[in-house]
Amino acid sequence: MSDYILVLDEGTTSTRAMLFASDGVLVASAQKELTQHYPKSGWVEHDAGEIWEKTLACALEVIPKAGGAAMIAGIGITNQRETVVAWDKVTGEPLTRAIVWQDRRTEPFCSELRQSGHEAEVQRRTGLLLDPYFSGTKMRWMLDNVAEVRAAAAKDTLAFGTIESWLTFKLTGGAHVSDASNASRTLLLELAGAGFDEGLCDLLGVPHAALPQVIDMSGTLGETDPALFGSAIPITGMAGDQQSATIGQACLTPGETKATYGTGAFVLTNQGENIPQSRNRLLGTVLSQIGGRRTYAIEGSVFVAGSLVQWLRDSLGIVEVASQTEELARSIPDSGGVTIVPALAGLGAPHWQAEARGVISGLSFASGKAELARAALESMAHQTHDLATAFAADGTPWETLRIDGGMAANSWMAQDLADVLGVPVERPDFVETTALGAAMLAAAGAGLYPDLASAAEAMRGKLMRFEPDMDDSVREARLASWKKALAAA
Ligand code: ADP
């Protein structure tokens, strides 16, 4: 019986193919690292051709473990959001390097739009802010700066898309679609609008004709070219990574909240069918669209999380592997007064300071590797605490926080989050909730379950709970040092 689900999880640092059984158990996976290109300070690029080739290679590696393409009920795609690919619809080839979500190059254009007074209206309509993070201004940058992109636009062969759109184009042999969750990260989709908005496209100077069709996130969304895997496989689930993780954590009821700690950190609270309107610089985003019906989430994104640990490893050489930060943090009773503000790529929610840069404060001759590693992990709880305050002010306080992502494996950090936030933190035994969410969407979309809620119920694993246990005085002292260091950033 064909009841396996193949998930293509295209992250920032690697791309993976993961084979799930219909009960949510991971059966096989393959992973390949992606080359990161940093051509200038604040610029981050990927090679879209490499993303496709490595994704395809990973899929080809795991499909035989299911017994062939015919045994797979559906493919679920989940991806790094906001990253923009420009390709030629006729040749199917990328026209330039993909501009990655972390890239800050469009800040001058964003600032121009903010100064001409567009932010309030853009926020009301799209749920987003005028920040380089989102896809639309990246598309405009490519048009302004890459001759090949302009030439394709003039010939009407230009296709813009986020990563799920690019992968679906390659998998299907030519469909140009984007799921509603990814589309809601472009600045070009109204939260309540079915397709990309002509007025918003005009404001950003992006040709509507170059954009994909906005589609559902579960159901029959496409079919792979039979030449790729031996026989056609339906594509039945699609979601941006953070929406996928929210679904994978079964946050399907309004108020339920998850935080993912990967390269960056992303917190989403389910808002049901109410269109979110934040008054505290949080984002409104599409959480799901199934049968044309949408649910929404409030989101707070922090740009630097695990990438700070990577920086400790690769640039400072303080650890050899990321997980060593845990034993270093446990080896001392406190950070010895060291506080890190990880604004290495600006500050995201709720501060939104694109030009802010990192700070390490409180250094003394007693500060060593352990203090720096501990301060780096502590900064995750501090950043999350700032978000918790903004979510509460928007009327959505957290009762518990469900965590996941590569960094959530760090149990010291999980306990510190519970301590500083003062709420229980839950971590599933299976932390790959981004992939699991796509598997749930794809399983429901392939008809293995009657709906998403039943898929989530059946496929969700066991949880571990961390209860808050910190003196108020310690918490207050930590937050006071954080505020001081933040002011310096
Ligand atoms: P992404 O999906 O954004 O590529 P992942 O969810 O795979 O990221 O998480 C990888 C990040 O988590 C890396 O930046 C790494 O430094 C960090 N990380 C992984 N394991 C640990 C750990 N045990 N402690 C601290 N950080 C970790």
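None of the figures in this text is laboratory data; all of them are computed from the coordinates on show. Only a predicted model underlies this, so the values are computations on that prediction, with no experimental measurement involved. In this analysis, Cβ positions are derived from the backbone assuming ideal geometry, glycine residues included, and neighbour counts consider all displayed protein chains.
Protection proxy ranking for 130-141, 184-195, 453-464, 50-61, using the average of other Cβ atoms within 10 Å per residue and placing the highest first: 130-141, 184-195, 50-61, 453-464. Sorting 449, 38 from the fewest to the most surrounding beta carbons within 10 angstrom yields 38, 449. Between segment 31-53 and segment 221-243, the C-alpha centres lie 23 angstrom from each other. Taking the Cα centre of segment 4-241 as reference, the dipole from Cβ charges on Lys and Arg (+1) and Asp and Glu (-1) amounts to some 240 debye. Helix screen, the chain: DSSP H segments with Cα axial length of 24 Å or more and mean Kyte-Doolittle hydropathy at least 0.0 are 48-66, 369-393. Charged side chains reduced to their Cβ positions (Lys and Arg at +1, Asp and Glu at -1) give the chain a dipole of some 520 debye around its Cα centre. The distance linking segment 135-179 with segment 449-489 is 37 Å (Cα centroid to Cα centroid, whole angstrom). Look at the dipole of segment 99-228 built from charges on Cβ: of 167, 129, 178, the Cα furthest out on the positive end belongs to 129. When peptides 242-253, 368-379 are sorted by average Cβ neighbour count within 10 Å, with the highest value leading, the order is 242-253, 368-379. For the chain, the share of DSSP beta bridges that are antiparallel, to the nearest 5, is 70%. Each peptide in 19-26, 339-346, 92-99, 148-155 was scored by the mean count of other Cβ atoms within 10 Å over its residues; highest first, the order is 339-346, 92-99, 19-26, 148-155.
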